[in-house]
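Trainee: What follows is a single structure, and I will ask about it in a moment.
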Amino acid sequence: MTEALFNIFVFPGFLFVAAFGLTAEYIDRKLYALMQNRVGPPWFQPLADFIKLSAKEDVVPQNADTLVFKMMPIIAMTSILTAFLYMPMWGSKALFAFKGDLVVVIYLLTVPTLTYFLGGWYSRSIYSMIGAARSLTQLFAYEIPLFLSILAPAMLADTWSLSEMSVYFNTHPWAILCNLLGFVIAIIALLGKLEKVPFDIPEAETEIVAGAFTEYSGRLLAIFRLAIDMELVVGASLLAAVFLPFGLNYGPAAGFALYIVKVLFVIGLISLARTIVARLRIDQMINFCWKVIAPLAFLQFIADLIIKGATR
Amino acid sequence: MPEREVKLTIGPQHPMLKEPESFLLTLRGEKITDMTVRLGYNHRGIEKACEGRTYIQDMYLVERVCGICSHSHSTCFIQAVEEIAGLQVPKRGLYIRTLISELERIHSHLLWLGVAGHEIGFDTLLMYTWRDRELVMDILALLTGNRVNYGMNTIGGVRRDITAEQIPQILSTIDTLEERTKYYVQVGTQEITLRERLSGVGKLSKEDAIHLGAVGPTARASGVNRDVRHDDPYAVYGELSFNVITDDHSDVYGRTLVRLGELMEAYKLVRQILKQMPEGPIVVKAPRKIPAGQAISRYEAPRGEDVHYVKANGSDKPERVKVRAPTLANVQVVAHMLKDGYLADTPIVIAAIDPCFSCTDRAIATTNIDNGRTDRMDWPTLRTYGIDWYSKQGIDFAELNRKLRTMRESN
């Protein structure tokens with residue numbers, strides 16, 4: 001019982017993910033700033049932002065649906081935290097693992113986007129509603145490529161479990177190289193999921209203020225922002241587990257250090273991507289995802305099918 | 001998005017806008033079907049204030065019409081005053097004025113490039129261009145003592161001379177900036193997302209540009225070869241050789257290319273000015289009282305043609321000052337450019353005219369809140385309208401008039 005509580009609230013649960021999430025936000029912002037020739041924030045800035053927001057008043061708009069409005073940040077955070085429990089961190093085995101946890105993780109990572117939509121939609125503000133509609137439109141564009149690119153290595157490893165996938169790739173290290181295209185596709189799709197440039201269309205500041213989050217303030221906004229930081233960590237962990245599953249046999253400490261390095265590498269790639277491009281328009285984004293990214297994801301899938309047939 | 005029409009108000013307070021202004025968009029999905037612009041949130045009464053101050057005081061007031069093209073406005077105003085007073089400004093003074101105006105163009109265009117980047121979510125471009133803009137700001141501070149609102153002009157010339165030690169500093173900064181601008185041209189023409197976002201957005205055909213009276217880079221990007229510096233040379237532009245940059249893209253991408261091209265021309269101009277600058281006095285003594293008369297002055301500000309009208313009555317204060325800032329000429333074009341565009345393109349299309357709303361807000365437009373009509377009423381119609389409106393409120397002027405008349409007669 002105490003161990004379960006420790007797992008949920010301290011490690012690898014809430015406290016660890018929150019700390020890691022805030023660190024990830026700091027690293028993302030610092031890298032972004034350095035690449036833009038700026039100084040960037042001090043290390044405690046994300047935490048300071050969180051504390052400041054938490055101390056502020058929660059304003060619920062008069063027309064908003066109070067229950068939905070208040071529930072959504074918490075649902076977003078819990079679903080992300082739950083997804084994190086299935087991430088292998090110090091070896092090939094996660095804290096919880098069962099056959100098919102990959103599907104559950106992907107499903108749980110879709111929930112936050114739905115909460116952005118519902119939270120924005122029930123704010124009943126025009127900016128929030130446009131932002132919410134854009135979140136959902138964007139979801140349909142990046143989810144398929146993301147699923148397909150993660151499905152390809154899973155199919156190669158012949159399992160639906162993240163832990164078993166790591167075991168497979170550890171015994172067949174060459175197979176990691178087969179999925180490089182899938183890795184690039186997954187990074188691009190993850191940018192869409194995390195709503196970062198070039199896919200920050202749902203919260204495009206210069207058009208619709210803050211999109212779905214326009215009406216959020218105080219603690220609720222703090223929770224939402226923390227949830228987004230955690231989503232960054234969980235998304236990066238998922239990509240690290242699926243596409244970079246090497247070096248897992250050196251014991252828990254080395255494995256854990258390597259896991260952190262891998263996640264930070266993925267976050268670094270995300271920062272780089274958002275530094276060098278401009279925001280796309282929603283129609284351009286959907287065209288790009290369906291006409292370029294999705295066919296490439298199919299290509300990766302077919303390539304893995306052929307490789308699997310050839311090696312059997 | 002539901003396919004019904006939604007009204008979205010952008011402004012007066014919105015992250016897109018740096019100054020208060022209101023745009024009412026009618027949206028169908030992400031498409032804009034209609035748009036109305038409402039000016040007038042920044043009316044400061046500068047023209048009226050000018051009438052109560054002396055010419056020297058007005059010069060500093062007019063300089064504050066705009067925070068970016070301050071030198072443009074003060075030069076434009078002073079040219080009109082000097083024309084009325086019949087002053088011959090010494091050549092060196094005119095060269096220094098032109099130098100400052102070209103440096104100002106560089107700083108304004110670099111600023112625009114950054115703003116454009118920010119509006120399409122490309123903050124890296126913003127950070128880079130604004131970093132480089134500091135270099136030209138430093139040069140302006142070196143020459144004039146101020147980063148903005150230079151206070152360089154005075155009636156009859158300029159207030160500060162340029163020393164021989166300053167020239168190498170200006171030239172080396174210009175060399176650095178030219179290198180950086182070449183890089184931005186590369187970024188602008190090769191970065192895929194940037195081109196995707198700018199091409200085909202905010203279309204304005206050549207005919208429409210002429211018909212709607214667009215000025216400056218907005219018009220030149222639609223292929224209209226119109227530049228006051230070239231068509232009606234003021235200061236020393238007649239003695240300098242430069243190209244008027246035009247472009248046939250007729251969209252925001254074209255406007256970006258025009259501004260980048262003008263930056264390159266401005267570097268050339270600065271070098272020419274420093275090379276050709278003659279020795280001599282920089283200012284002539286101007287009378288405190290300007291003889292009666294009137295003049296219109298034209299000036300190619302970074303944003304387009306700036307027009308000042310000054311009427312003097314022989315005293316030390318002007319009788320009337322009228323400012324037509326370039327944004328006023330361009331703001332009508334925005335509504336035309338946005339029609340049938342995307343909501344996502346609104347920020348960049350508005351930013352592409354390089355708007356400066358506080359410079360523009362001078363006239364007050366009235367809208368009838370009952371029927372949304374913006375046309376004006378003549379005096380008799382307004383009078384009948386007023387009488388009708390008050391009689392609906394239960395106030396009868398006929399009765400009041402009768403009472404007033406009896407009161408007067410009894411007195």
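Trainee: Out of the residues in the range B:341-360 meeting the condition of being over 16 Å from B:Lys203 (Cα atoms) and in contact with an Asp or Glu (Cβ under 7 Å, 6 or more places away or on another chain), tell me which one is farthest from the other protein chains (Cβ to nearest Cβ).
Mentor: B:Ser358
Trainee: Any chance the range A:277-287 includes a residue that's more than 14 Å from chain B (Cβ to nearest Cβ) and either crowded, with 24+ Cβ neighbours inside 10 Å or of a type in the set (Ser, Thr, Tyr) (or both)?
Mentor: No; the residues of the range A:277-287 include none that is more than 14 Å from chain B (Cβ to nearest Cβ) and either crowded, with 24+ Cβ neighbours inside 10 Å or of a type in the set (Ser, Thr, Tyr) (or both).
Trainee: Oh, and also: Checking A:Ser237 against (1) within 14 Å of chain B (Cβ to nearest Cβ); (2) buried (at least 21 other Cβ atoms within 10 Å of the Cβ), which single condition isn't satisfied?
Mentor: It is condition (1) that A:Ser237 fails.
Trainee: Which of the residues belonging to the range A:205-228 are touching a Ser or Thr at 6+ places or on another chain (Cβ under 6 Å) and either part of a helix (DSSP H, G or I) or over 27 Å from B:Glu30 (Cβ atoms) (or both)?
Mentor: A:Ala212, A:Arg219, A:Ala222
For (1) exposed (fewer than 10 other Cβ atoms within 10 Å of the Cβ); (2) in a helix (DSSP H, G or I); (3) modelled with pLDDT of 80 or more; (4) on the phi < 0 side of the Ramachandran plot, each residue gets a yes or a no:
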{"residue": "B:His336", "(1), (2), (3), (4)": "no, yes, yes, yes"}
{"residue": "B:Ile348", "(1), (2), (3), (4)": "no, yes, yes, yes"}
{"residue": "B:Arg362", "(1), (2), (3), (4)": "no, no, no, yes"}
{"residue": "B:Met377", "(1), (2), (3), (4)": "no, no, no, yes"}
{"residue": "B:Thr381", "(1), (2), (3), (4)": "no, yes, yes, yes"}
{"residue": "B:Met407", "(1), (2), (3), (4)": "yes, yes, yes, yes"}
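Trainee: Given the conditions (1) more than 14 Å from chain A (Cβ to nearest Cβ); (2) touching a helix residue (DSSP H, G or I) at 6+ places or on another chain (Cβ under 7 Å); (3) not in a helix (DSSP H, G or I), and given that B:Glu178 satisfies all but one, which numbered condition is not satisfied?
Mentor: Exception for B:Glu178: condition (3).
Trainee: Can you name the number of the only condition in (1) outside any helix (DSSP H, G or I); (2) out of contact with any Lys or Arg (no Cβ under 9 Å at 6 or more places or on another chain) that B:His118 fails?
Mentor: Tallying (1) outside any helix (DSSP H, G or I); (2) out of contact with any Lys or Arg (no Cβ under 9 Å at 6 or more places or on another chain), B:His118 fails exactly one: (1).
Trainee: Right, here's the next one. How many residues are closer than 18 Å to A:Phe9 by Cα and either under 14 Å from the mean Cα position of the chain (by Cα) or basic (Lys, Arg) (or both) when one looks only at the range A:87-108?
Mentor: So the count comes out to 1.
Trainee: Of all residues being within 23 Å of the chain's Cα centre (by Cα) and free of Cβ contacts under 8 Å to residues at least 24 places away in the same chain in the range B:132-172, which is farthest from B:Met277 (Cα to Cα)? Just the residue, please.
Mentor: Only one residue fits best here, namely B:Glu134.
Trainee: Within the range A:22-37, take every residue that is within 11 Å of chain B (Cβ to nearest Cβ) and crowded, with 16+ Cβ neighbours inside 10 Å and give me the one that is nearest to B:Leu125 (Cα to Cα).
Mentor: A:Gln36
Trainee: Now a separate question. Suppose we filter A:Leu191, A:Leu180 for residues that are in contact with a Phe, Trp or Tyr (Cβ under 9 Å, 6 or more places away or on another chain), within 14 Å of chain B (Cβ to nearest Cβ) and closer than 23 Å to A:Ile293 by Cα; which single one remains?
Mentor: A:Leu191
Trainee: Then there is this: Do any helices (runs of 4 or more DSSP H) entirely within the range A:149-204 hold 1 or more residues that are surrounded by 24 or more Cβ atoms within 10 Å (Cβ to Cβ), and if so, which?
Mentor: Ranges flagged: A:162-171, A:180-193.
Trainee: Hey, another quick one. Looking for whichever is more than 20 Å from B:Ala266 (Cβ to Cβ) and either modelled with pLDDT under 85 or touching a helix residue (DSSP H, G or I) at 6+ places or on another chain (Cβ under 7 Å) (or both) here; the options are B:Gly45, B:Gly117, B:Gly86. Which one fits?
Mentor: So the residue among B:Gly45, B:Gly117, B:Gly86 that is more than 20 Å from B:Ala266 (Cβ to Cβ) and either modelled with pLDDT under 85 or touching a helix residue (DSSP H, G or I) at 6+ places or on another chain (Cβ under 7 Å) (or both) is B:Gly45.
Trainee: Let me ask something additional. Take B:Val224 and tell me if it is β-branched (Val, Ile, Thr), modelled with pLDDT of 90 or more and in the same structural domain as B:Glu102 (by TED's automatic domain parsing).
Mentor: It is false that B:Val224 is β-branched (Val, Ile, Thr), modelled with pLDDT of 90 or more and in the same structural domain as B:Glu102 (by TED's automatic domain parsing).
Trainee: Working only within the range A:194-217, note down all residues that are at the interface with chain B (Cβ under 8 Å from one of its Cβ atoms) and over 15 Å from A:Ile130 (Cβ atoms).
Mentor: A:Val197, A:Pro198
Trainee: Could you please let me know if B:Val89 is among the β-branched types (Val, Ile, Thr) and either in a helix (DSSP H, G or I) or touching a Gly at 6+ places or on another chain (Cβ under 8 Å) (or both)?
Mentor: Yes.
Trainee: Still on this model: Of all residues in the range B:246-284, how many are polar (S, T, N, Q) and not in a helix (DSSP H, G or I)?
Mentor: 2
Trainee: Also, I was wondering about something else. Tally up the residues in the range B:290-323 that are within 18 Å of B:Arg229 (Cα to Cα) and outside any strand (DSSP E or B), please.
Mentor: 2
Trainee: While we're here: From the list B:Thr176, B:Thr181, exactly one residue is β-branched (Val, Ile, Thr), surrounded by fewer than 14 Cβ atoms within 10 Å (Cβ to Cβ) and at pLDDT 90 or above. Which is it?
Mentor: B:Thr176
Trainee: B:Ala235 versus (1) part of a helix (DSSP H, G or I); (2) at positive phi; (3) among the aliphatic types (A, V, I, L, M): which is the lone unmet condition?
Mentor: Answer for B:Ala235: the failing condition is (1).
Every residue, every condition in (1) within 14 Å of chain A (Cβ to nearest Cβ); (2) of a type in the set (Gly, Ala, Ser), yes or no:
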{"site": "B:Lys91", "(1), (2)": "no, no"}
{"site": "B:Ile100", "(1), (2)": "no, no"}
{"site": "B:Ile106", "(1), (2)": "no, no"}
{"site": "B:Leu110", "(1), (2)": "no, no"}
{"site": "B:Gly117", "(1), (2)": "yes, yes"}
{"site": "B:Ile120", "(1), (2)": "yes, no"}
{"site": "B:Asp123", "(1), (2)": "yes, no"}
{"site": "B:Leu126", "(1), (2)": "yes, no"}
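The values are calculated or read from the model by the stated rules, or taken from the named source; none is laboratory data. Remember, it's a predicted structure, so these values are computed and weren't measured experimentally. Neighbour counts run over all protein chains shown; Cβ positions are idealised from the backbone, glycine included.
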